[in-house]
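**Q** Below you will find the structure I want to go over with you.
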Amino acid sequence: MASNVKKIAPKKSKFHELLQTQVGNEFSASQQYIALAVWFDNEDLPRLASHFYKQALEERNHAMMIVQFLMDNDIPVAIPGTAAPLNEFKTPRDLVDLALRQEQQVTDQIVALARAAREEGDYIGEQFLQWFLKEQVEEVSSMKTLLTIMDRADGNMFYVETFLTRESVGDAADSGAPTAAGGAL
């Protein structure tokens with residue numbers, strides 16, 4: 001029996017538009033991290049490669065968390081294309097510096113999302129973003145640490161590889177993370 005209940009489409013909002021854009025930003029960040037991981041892998045730096053492969057998966061999962069939030073709230077989802085990642089670098093430090101700048105940019109994007117949700121009175125959206133805000137503090141901090149270690153190593157990548165093996169930078173799991181569409185990888 002067909003239902004006569006008409007589904008009400010959610011109103012268009014700046015917050016929802018920014019969320020859609022952020023899906024693309026997160027996928028682009030994932031692609032950039034893959035490019036960094038492949039560069040490190042090709043340079044026989046397995047710990048740095050592994051670190052950035054994990055970062056790529058994390059960014060992909062962030063995109064899928066936003067997708068799940070949109071679907072759960074009956075907001076139409078369009079999966080965007082991604083920007084072409086940078087692939088050519090002169091020094092290993094350049095890659096970590098790029099990663100730090102990328103995380104700082106993502107932090108600014110998440111703050112803008114939280115601001116838009118608050119301005120629109122979207123308390124559910126604002127609450128959803130709290131985990132992302134906390135996550136970005138950790139992401140920026142871990143990239144700053146990695147860049148500091150790169151600088152202290154003064155070109156000796158063995159020190160950086162050893163540091164990553166010993167310290168497990170950025171490997172802390174957070175059980176309070178939002179659900180990713182299709183499951184987190």
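Derivation of every value follows stated rules applied to the coordinates shown; laboratory data play no part. A quick note: this is a predicted structure, and the numbers were derived from the prediction, not measured. Virtual Cβ from ideal backbone geometry, glycine too; neighbours counted across all protein chains shown.
**Q** Around PHE40, under 13 Å between beta carbons, what's the net of Lys plus Arg minus Asp minus Glu among the other residues? Walk me through the numbers before you get to the answer.
**A** Working: positive: ARG47, LYS54, ARG93; negative: ASP41, GLU43, ASP44, ASP94, GLU161.
Local charge sum for PHE40: -2.
**Q** Evaluate the relative contact order of the chain (contact order divided by residue number), counting alpha-carbon pairs under 8 angstrom at least 6 apart; express in whole percent.
**A** 28
**Q** Please pull out the direction-averaged projected area of region 23-108, using the convex hull of its alpha-carbon atoms, in nm² to one decimal place.
**A** Result: a mean projected hull area of 5.7 nm².
**Q** Here's a follow-up. Using Cα centres only, tell me the gap between region 103-169 and region 45-90 in whole Å.
**A** 14
**Q** Dipole magnitude of region 116-163 about its Cα centre, charges +1 at Lys/Arg Cβ and -1 at Asp/Glu Cβ only, in debye to the nearest 20? Kindly include the intermediate steps, with their values, before the conclusion.
**A** Numbers: 4 positive and 10 negative charges, 44 e Å.
Here region 116-163 has a charge dipole of around 200 debye.
**Q** Given the convex hull over the Cα atoms of the chain, what projected area results after averaging over all orientations, in nm²?
**A** Hull-based average projected area comes out at 12.3 nm².
**Q** In addition: With springs connecting C-alpha atoms under 10 Å apart, model the chain as a Gaussian network and identify which of TYR53, TYR123, TYR33 has the largest mean-square fluctuation.
**A** TYR123
**Q** Hey, what angle do you get for helix 123-153 against the long axis of the chain, alpha-carbon based, 0 to 90 degrees rounded to 10?
**A** Once rounded, one gets 10 degrees.
**Q** Can you pull the one-decimal nm distance between simple spin-label points at GLU138 and THR21, each 7 Å off the Cα toward Cβ?
**A** It is 2.7 nm.
**Q** Given a Förster radius of 25 Å and the C-beta distance between LEU86 and ARG115 as r, what FRET efficiency does 1/(1 + (r/R0)^6) yield to the nearest 0.05?
**A** 0.30
**Q** Here is a further query. Looking at the chain, how many pairs of lysines come closer than 26 Å at the Cα, when each pair is eight or more places apart or spans two chains?
**A** Lysine pairs meeting the criterion: 7.
**Q** Then there is this: Placing +1 on the Cβ of each Lys and Arg and -1 on the Cβ of each Asp and Glu in region 67-165, which of GLN104, LEU70, LEU146 has its Cα farthest towards the positive end of the resulting dipole?
**A** Selected residue: LEU146.
**Q** I would also like to ask the following. 7 Å from Cα along Cα→Cβ at both ARG166 and TRP131: what's the point-to-point distance in nm?
**A** It is 3.4 nm.
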